[in-house]
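Working notes, beginning with the structure itself.
The values are calculated or read from the model by the stated rules, or taken from the named source; none is laboratory data. None of these values were measured; they are calculated from a predicted model. Cβ coordinates were reconstructed from backbone atoms using ideal geometry, including for glycine residues, and neighbour counts include every protein chain displayed. The area values use the complete protein model at the heavy-atom level, side chains included, leaving out ligands, DNA and RNA. Shrake-Rupley method; radii C 1.70, N 1.55, O 1.52, S 1.80 Å.
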2 protein chains.
Amino acid sequence: MKPTTIPYLCSFTVRGIQRCRTLTVPVASAKATIAPVVSVEVDTPTYLEVPDFQRVAIIGDYASGVTMDDFELSSSQYLRDIEGGVFKPEDQVQPVFTTPPSNGEDPFDTKDLPKDLGYVARMKDGLIYVYNDAAAADKHQPKDLPCPDYNTFIDDMNFLIALIAQGPTKTYCHRRLKFLMSKFNVHEMLNEMEEMKELKMNPHRDFYNCRKVDTHIHAAACMNQKHLLRFIKKSYRVDADRVVHNLKGREVTMKELFESLHLHPYDLTVDSLDVHAGRQTFQRFDKFNAKYNPVGASELRDLYLKTENHISGEYFATIIKEVASDLEDAKYQVFSPNLKWMIQVPRIYDIFRGRNFVPHFGKMLENIFLPVFQATIDPQSNPDLSIFLKHVTGFDSVDDESKHSGHMFSTKSPKPEEWDIVKNPSYTYYIYYMYANIAVLNQLRRQRGMNTFTFRPHCGEAGAVTHLLASFMTADNISHGLNLKKSPVLQYLYFLTQIPIAMSPLSNNSLFLEYAKNPLLEFHKKGLVVSLSTDDPMQFHYTKEPLMEEYAIAAQVFKLSTCDMCEISRSSVLQSALSHEEKCHFLGQDYLKEGPEGNDIRKTNVAQIRMAYRFETLCYELNLIKEGLKSE
Amino acid sequence: MKPTTIPYLCSFTVRGIQRCRTLTVPVASAKATIAPVVSVEVDTPTYLEVPDFQRVAIIGDYASGVTMDDFELSSSQYLRDIEGGVFKPEDQVQPVFTTPPSNGEDPFDTKDLPKDLGYVARMKDGLIYVYNDAAAADKHQPKDLPCPDYNTFIDDMNFLIALIAQGPTKTYCHRRLKFLMSKFNVHEMLNEMEEMKELKMNPHRDFYNCRKVDTHIHAAACMNQKHLLRFIKKSYRVDADRVVHNLKGREVTMKELFESLHLHPYDLTVDSLDVHAGRQTFQRFDKFNAKYNPVGASELRDLYLKTENHISGEYFATIIKEVASDLEDAKYQVFSPNLKWMIQVPRIYDIFRGRNFVPHFGKMLENIFLPVFQATIDPQSNPDLSIFLKHVTGFDSVDDESKHSGHMFSTKSPKPEEWDIVKNPSYTYYIYYMYANIAVLNQLRRQRGMNTFTFRPHCGEAGAVTHLLASFMTADNISHGLNLKKSPVLQYLYFLTQIPIAMSPLSNNSLFLEYAKNPLLEFHKKGLVVSLSTDDPMQFHYTKEPLMEEYAIAAQVFKLSTCDMCEISRSSVLQSALSHEEKCHFLGQDYLKEGPEGNDIRKTNVAQIRMAYRFETLCYELNLIKEGLKSE
């Protein structure tokens, strides 16, 4: 049930919701439902036991008011049993994240980089293939790194498109989700005092000191607006005469740059800086993007919030280091044990192509992935990139989802090398090619004992529900997921597969959805795996503790209990790219186990009653489907 | 329009809404409505000018859809012209607050305390009278310190009770308020960009560095829960063997105290401390009060959050000093230029009487006020109290308003000395006697050149709307005011008289009203004077910046603009008990003037357009009533 980096389609054909990490669960779970979870071993410390609580038993529930016809249709027509599958925890493929350096160890040290494998990497039809040597490459005899098959992907995608529109399935999922909501409400009413009792008895741990991970935060907006303002003023005091910019071919000092903008940093305020989202940005992602420009000047964005500029991103690095309270004195390299990095790939092929930066979409993919493959094959050939990749934990895919591409991904779609028009390909097309390349790359890296990459796209913030469908097939984790509101089938599938969703209600509040209407509370109650994240503190937050601000507001508006908040905090650590060692430290040794067994309340402050409720509820839902399959 | 300490009824008879500080305004204002506010003097700096903006002109508006019959009935029957009154700013009586000591000056210095006047103070019928000497007192020949007459107060109260229930008046006020709301919405749509432009052009000032006052915060909950927890743990590490408590006659050390409670501070967490409001407190003020007891133990409340205990409140003082970042090394005296003090009088006569602490209600009033009168007459007789009173800025009245007293204040009510039953008198009875005593006291103190006291009761948090009526007649400012929602007439009167309302939506969210339903936004839009305050950070807030948390959440949930937030900040300073000197410093020299003239945008960051809108809108409403009176 944990996010994995196992490549989609890698071991067997996937049909609909049969993502390998998914339907392997009910087999094991069914047993757990029969043997109640309270039967723990004798030597288990008491804090691991599940206290008695009032279970919501549904006698004779068979599909919460769905007619039997509908139920059988939806479960038999679209779900098949796993072919003789028996669940073994070892079969789960976990992502590999780099462990933080031990004391005194230099995170930028290159001397232990692995040797060159001599392989050759080349792109073909939008996908990087790895060959033993140039001769094999010329003959297209790639190494055995199975990748998600193009036709099967489209086939499965079309299957899912039909599934989510299928009336009986929609009814079934809608009713089950409604039931899950009511069940949680009843559980809460009956057990919230008991859950709280567990937390009160739990020494040394409370919401404040249980670990929380900000699961989605953009580097270019990770500081708050006041911080950026102070930084700009300070940089001017120190660096006014430094050459920092190239103005139409002329090297200019910071003083000259500000003069050219008719500005003096001394007069700047948070208001004139104008980087905070406001009422003007609601439903206006385009305006929101412009808010990245301090004082509306892209020159200042270049100088302070970008890496490619006259000072090689020094200011940007310094700000991030300040945010991370990173006291290491490395120059521009930003490293902190509190930071994990993702590569954000913006879906702006149309802009690159329009300016003639690339001849076709395939070239853009090659630009992104080929250097990464080469650094994986021969790390010494690019030590900077190789070291950086050690600290990269995944890829993101970002842009305004409400823009419609007009393109429908199908077997007739042009291959990336043939996609030479200025128009952007669809969200799904992007997602497939990113995912396929990451899947191949991960197998190669895993073979070499290197860290692997997760795929965690922005998804469901706006736009078509098909985005959520593509991510369901490919993502380890998504950011936003608001539009799951619009598709009961997808919402139920995200629940069944426990795909983590990093939500940012304050960001949504400024861009797409009023706070009180945010589905965070609803998803949390139903049992979808949600975490809280800030997205862009510079634009959405007011205080010096943006993540705490996010939690505080959610707690206040949604009246979350301490147990709710600690459960969300725990989810944030689980779905984060912290290494196995760190997760053991923050969540307990058994964090990979399912249900209350996997929870160490001493570290997480999540009540065992809550864990049992979640586990039994999920098993019950999965079992219902299994029974449906049997009756077929 | 500013809060004053002028005693009610002091100079002339008040009838209904004719509070002296109120209807003097339209006379001056009417002129301003005719001559547009933009005509400022030539030598006025540009930042004081009101930029051009789109005014919402209502051609032929006469009462926003109210029939003429209703309008004439409501305005002619219940409102009378001021008898030949002409408004002079000098006539406004401003409260006197002690200026903060200049550098190095000792705020506790007693050597400049005024001399004994030799007067005698005695209580009669619940009111303290001041006499030249004992002989005059025996003959009841008090000095001329006019006090609000008992019968007139009840007469006016009954008049207002009838007024707020009067159909046509209700319709009139309801329609006007609805109109004010729509008018603001239109103003906002037309001018928000222009307002923002003013703020962007305003150098050095933004929402972060414009002054905000927390206008309502209880000392016993002014720290956040984490702070209290840390303090308890620290005190145990240092003071475990110190005698800190009297346990059934036996002096016990802190260690023994905790042992008797079967607790060890080392194990304590925010959860076990259990002082934070949660879902359990909603609509349960009784439970909320119990949340003041750390770990549910009143002994710990006594030790840490009270002044009367074995260590003379040392811990409580230390916590407050920490909150105020007060670095003075005075022992238990808590002083900080950032703190202003109020005396909170809980309405718990019933408990005192039940335990036989007092024989009747008059005694309770005497216990509260007589020492204050005596310290005012002869400061040297009680230097500690006299110095303390210099830093006291007002009286508060507090309790669960939802408890109904069953008593109706009338001419037949027993006098305080006759009120010897265990039952509590009504809210209005409390308010009248507190107010009357404060009014007399203030005249005496003003004559002596001493600081005066405001009356700022909790009001309208719950319970009957008559509470809001009593406060309308007496208060300088109220805390909460939620129930103004329930009475359009009172709401309109609070608007017309611009009585400041300190609102605490996060507190309400835990106790009485869900956040999104809080009327803060509605009141603000209509032009009622609101400020934001925390009430009890220990119980309602999560972050280390509770006031900022309050502003941030209001900004997020209600989508307040920067101008809105700065306007609310400005109101908070205006209605606060900061001294005249401090207000000049934070708001500008002319802060007492009405409209844009009184606003220094360089200090407040409030757009002049907004100030002009507010002023013109208020004048328009007042003028409408004046025209109504004329036509009569």
Quiz prompt | region B:353-379: number of residues that are open to solvent by 50 Å² or more (accessible area, probe 1.4 Å) and aromatic (F, W, Y) | solution = 1
Quiz item: Taking region B:285-294, which residues are surrounded by fewer than 19 Cβ atoms within 10 Å (Cβ to Cβ) and in contact (Cβ under 8 Å) with a residue 24 or more places away in the chain?
Solution: B:F285, B:D286, B:N289, B:Y292
Exercise. With the checklist (1) farther than 30 Å from A:D399 by Cα; (2) open to solvent by 20 Å² or more (accessible area, probe 1.4 Å); (3) away from every other protein chain (no Cβ under 14 Å) in hand, flag the one item A:L574 doesn't pass.
Key: (1)
Quiz item: Which one is nearest to A:I609 (Cα to Cα) among residues in region A:145-183 that are polar (S, T, N, Q) and either open to solvent by less than 30 Å² (accessible area, probe 1.4 Å) or outside any helix (DSSP H, G or I) (or both)?
Solution: A:T169
Quiz item: Out of (1) in contact with a Leu (Cβ under 7 Å, 6 or more places away or on another chain); (2) of a type outside the set (S, T, N, Q); (3) crowded, with 22+ Cβ neighbours inside 10 Å, what's the single condition that is false for A:E299?
Solution: (3)
Quiz item: Within region A:113-144, how many residues are small (G, A, S) and either closer than 30 Å to A:T411 by Cβ or not assigned by the TED database to the domain that holds A:L385 (or both)?
Solution: 4
Quiz item: Would it be correct to say that B:N508 is in a helix (DSSP H, G or I), over 28 Å from B:Y208 (Cβ atoms) and modelled with pLDDT of 90 or more?
Solution: no
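In region B:406-433, how many residues are of a type outside the set (S, T, N, Q) and surrounded by fewer than 17 Cβ atoms within 10 Å (Cβ to Cβ)? Working first, answer last.
If we filter region B:406-433 for residues that are of a type outside the set (S, T, N, Q), which is where we start, we get B:406-409, B:412, B:414-423, B:425, B:427, B:429-433.
Narrowing the set further to residues that are surrounded by fewer than 17 Cβ atoms within 10 Å (Cβ to Cβ) leaves B:406, B:408, B:412, B:414-415, B:418, B:420-423.
Result for region B:406-433: 10.
Restricting the search to region A:493-513, which residues are of a type in the set (F, W, Y) and away from every other protein chain (no Cβ under 14 Å)? Steps first, answer last, please.
First, the residues of region A:493-513 that are of a type in the set (F, W, Y): A:494-495, A:512.
The answer is A:Y494, A:F495.
Which helices (runs of 4 or more DSSP H) sit wholly inside region B:190-274 and have at least 3 residues that are modelled with pLDDT under 85?
Values: elements: B:225-239, B:254-260, B:270-273.
Hits in region B:190-274: B:225-239, B:270-273.
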Practice problem: Residue by residue through region B:262-283, note down the ones that are open to solvent by 40 Å² or more (accessible area, probe 1.4 Å) and more than 7 Å from chain A (Cβ to nearest Cβ). | Solution: B:H262, B:L263, B:H264, B:Y266, B:Q280, B:F282, B:Q283
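For region A:517-528, check the following and say yes or no: at least one residue is within 12 Å of chain B (Cβ to nearest Cβ), at pLDDT below 95 and either within 19 Å of A:R614 (Cα to Cα) or surrounded by fewer than 24 Cβ atoms within 10 Å (Cβ to Cβ) (or both). First the steps, then the outcome.
Keep residues of region A:517-528 that are within 12 Å of chain B (Cβ to nearest Cβ), which gives A:517-518.
Add one more test, that the residue is at pLDDT below 95, and what stays is A:517.
With either within 19 Å of A:R614 (Cα to Cα) or surrounded by fewer than 24 Cβ atoms within 10 Å (Cβ to Cβ) (or both) added as a condition, the list becomes A:517.
Scanning region A:517-528 turns up at least one residue that is within 12 Å of chain B (Cβ to nearest Cβ), at pLDDT below 95 and either within 19 Å of A:R614 (Cα to Cα) or surrounded by fewer than 24 Cβ atoms within 10 Å (Cβ to Cβ) (or both).
Please work out if A:V238 is within 28 Å of A:A612 (Cβ to Cβ), more than 10 Å from every other protein chain (Cβ to nearest Cβ) and either open to solvent by 20 Å² or more (accessible area, probe 1.4 Å) or without any contact (Cβ under 8 Å) to a residue 24 or more places away in the chain (or both).
Numbers: within 28 Å of A:A612 (Cβ to Cβ): no; more than 10 Å from every other protein chain (Cβ to nearest Cβ): yes; either open to solvent by 20 Å² or more (accessible area, probe 1.4 Å) or without any contact (Cβ under 8 Å) to a residue 24 or more places away in the chain (or both): yes.
Judged against the criteria, A:V238 is not a match.
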Self-check item: Neighbours by Cβ (under 7 Å, 6+ apart or cross-chain): first from region B:534-551, farther than 10 Å from B:S504 by Cβ and within 10 Å of chain A (Cβ to nearest Cβ); second open to solvent by 20 Å² or more (accessible area, probe 1.4 Å) and outside any loop (DSSP other than H, G, I, E, B)
Solution: B:Y542/A:M548; B:T543/A:M548
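Conditions tested, residue by residue: (1) more than 13 Å from every other protein chain (Cβ to nearest Cβ); (2) open to solvent by 50 Å² or more (accessible area, probe 1.4 Å); (3) over 27 Å from the mean Cα position of the chain (by Cα).
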{"position": "B:N185", "(1), (2), (3)": "no, no, yes"}
{"position": "B:L190", "(1), (2), (3)": "yes, yes, yes"}
{"position": "B:K197", "(1), (2), (3)": "no, yes, yes"}
{"position": "B:K200", "(1), (2), (3)": "no, yes, yes"}
{"position": "B:H204", "(1), (2), (3)": "no, yes, yes"}
Quiz prompt | Checking B:K287 against (1) over 19 Å from B:K544 (Cβ atoms); (2) within 14 Å of chain A (Cβ to nearest Cβ); (3) modelled with pLDDT of 80 or more, the condition it does not meet | solution = (3)
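Given the residues A:L339, A:L370, which is the only one that is touching a strand residue (DSSP E or B) at 6+ places or on another chain (Cβ under 8 Å) and either under 30 Å from A:D116 (Cβ atoms) or not assigned by the TED database to the domain that holds A:A219 (or both)? Lay out the reasoning, then the answer.
Values: A:L339 fails: touching a strand residue (DSSP E or B) at 6+ places or on another chain (Cβ under 8 Å).
Being touching a strand residue (DSSP E or B) at 6+ places or on another chain (Cβ under 8 Å) and either under 30 Å from A:D116 (Cβ atoms) or not assigned by the TED database to the domain that holds A:A219 (or both) holds for just one of A:L339, A:L370, which is A:L370.
Test A:S386 against the criterion of being in contact (Cβ under 8 Å) with a residue 60 or more places away in the chain, open to solvent by less than 50 Å² (accessible area, probe 1.4 Å), of a type in the set (S, T, Y) and under 28 Å from A:T215 (Cα atoms), and give yes or no.
Details: in contact (Cβ under 8 Å) with a residue 60 or more places away in the chain: yes; open to solvent by less than 50 Å² (accessible area, probe 1.4 Å): yes; of a type in the set (S, T, Y): yes; under 28 Å from A:T215 (Cα atoms): yes.
So A:S386 passes the test.
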Practice problem: Check region A:114-122 and report whether any residue there is touching a residue at least 12 places away in the same chain (Cβ under 8 Å), open to solvent by less than 50 Å² (accessible area, probe 1.4 Å) and over 19 Å from A:E417 (Cβ atoms). | Solution: yes
